[in-house]
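Novice: My questions all concern the structure below.
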Amino acid sequence: MIINQVYLFLIFIVNGIIIGILFDFFRVLRKSFKTTDIVTYIEDLLFWILTGFSILYFIFVFNNGEIRLFMFLGIAIGITVYMLIFSSIFIKINVTVLVFFKNILKKILIFILIPFKFLKKIFFKPISFIFINIRKSSTNLYNNFIKITKKNKKVENNVKN
């Protein structure tokens, strides 16, 4: 009986370590990518949902759904041990790796987009030139029309007086 409880205690320490890794996974994402507040809220919600499922899964699989105080103590010890010993190493390594791959992906995207920039210069510059000139011409035409109508109103007012 005692051996079974020690075994369960160790399993829940492992569950605590898994929860610590999951927590650091979201910390790594936040350090590697700029996120808006709504994305941060969604990440937090996702963390707590995954943590809850993890705890429930371990309780049902390893202890047939029976809740004992030492399980939560094991989870707390696992999280504490992970945070004190492994967390900083995990974060440094993963942030470095993620930023490295992010930079490589950024360079690949820039390389892929080179032909589109060339096409933009070839096709969109003349089209934008045409639209800019049409807009200027229509604005000038409108302004001239306004001037002419104002002159006509003045002439009509002078003829009436």
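Novice: Summing Lys, Arg as +1 and Asp, Glu as -1, what charge do residues with Cβ under 12 Å from the Cβ of V95 carry, V95 excluded?
Specialist: +4
Novice: Where Lys and Arg each count +1 and Asp and Glu each count -1, what net charge lies around I59 among other residues with Cβ under 13 Å from its Cβ?
Specialist: 0
Novice: Please get the size of the charge dipole for the chain, origin at its Cα centre, with Cβ charges of +1 on Lys and Arg and -1 on Asp and Glu, quoted in debye to the nearest 20.
Specialist: Here the chain has a charge dipole of around 2260 debye.
Novice: Select from F23, Y57, F72 the residue farthest towards the positive end of the dipole of the range 1-84; place +1 on Cβ of Lys and Arg, -1 on Cβ of Asp and Glu, and compute about the Cα centre.
Specialist: F23
Novice: Strictly over 29 Å apart at the Cα level, which of K34/K117; K31/K106; K34/K136 would you flag in this model?
Specialist: Pairs exceeding 29 Å: K34/K136.
Novice: Among [x] 114, 45, 26; [y] 63, 38, 31; [z] 65, 46, 31, find the value of Cα extents along the principal axes in Å that was calculated from the structure presented, and write down its label.
Specialist: Only one option fits the structure, namely [x].
Novice: Quote the charge dipole size of the range 1-44 about the Cα centre in Debye, to the nearest 20; the model charges only the Cβ of Lys and Arg (+1) and of Asp and Glu (-1).
Specialist: Rounded to the nearest 20 debye, it is 160 debye.
Novice: Have a look at P115, I148, T35 and report the one farthest towards the positive end of the charge dipole of the chain, computed about the Cα centre with Cβ charges (Lys/Arg +1, Asp/Glu -1).
Specialist: About the Cα centre, the residue reaching furthest to the positive side is I148.
Novice: Under the Karplus relation 6.51 cos²θ - 1.76 cosθ + 1.60, θ = phi - 60°, what is the ordered set of whole-Hz ³J(HN,Hα) values for the range 54-66, x standing for Gly and Pro?
Specialist: 4, 5, 4, 4, 5, 5, 6, 6, 9, 9, 6, x, 7
Novice: Note down the nm distance, to one decimal, between modelled labels 7 Å out along Cα→Cβ at N144 and at I38.
Specialist: About 4.8 nm, to one decimal.
Rule-based calculations on the coordinates, nothing more; no lab input. Note that the structure is a prediction, hence the values are computed from the model and not measured. Cβ coordinates were reconstructed from backbone atoms using ideal geometry, including for glycine residues, and neighbour counts include every protein chain displayed.
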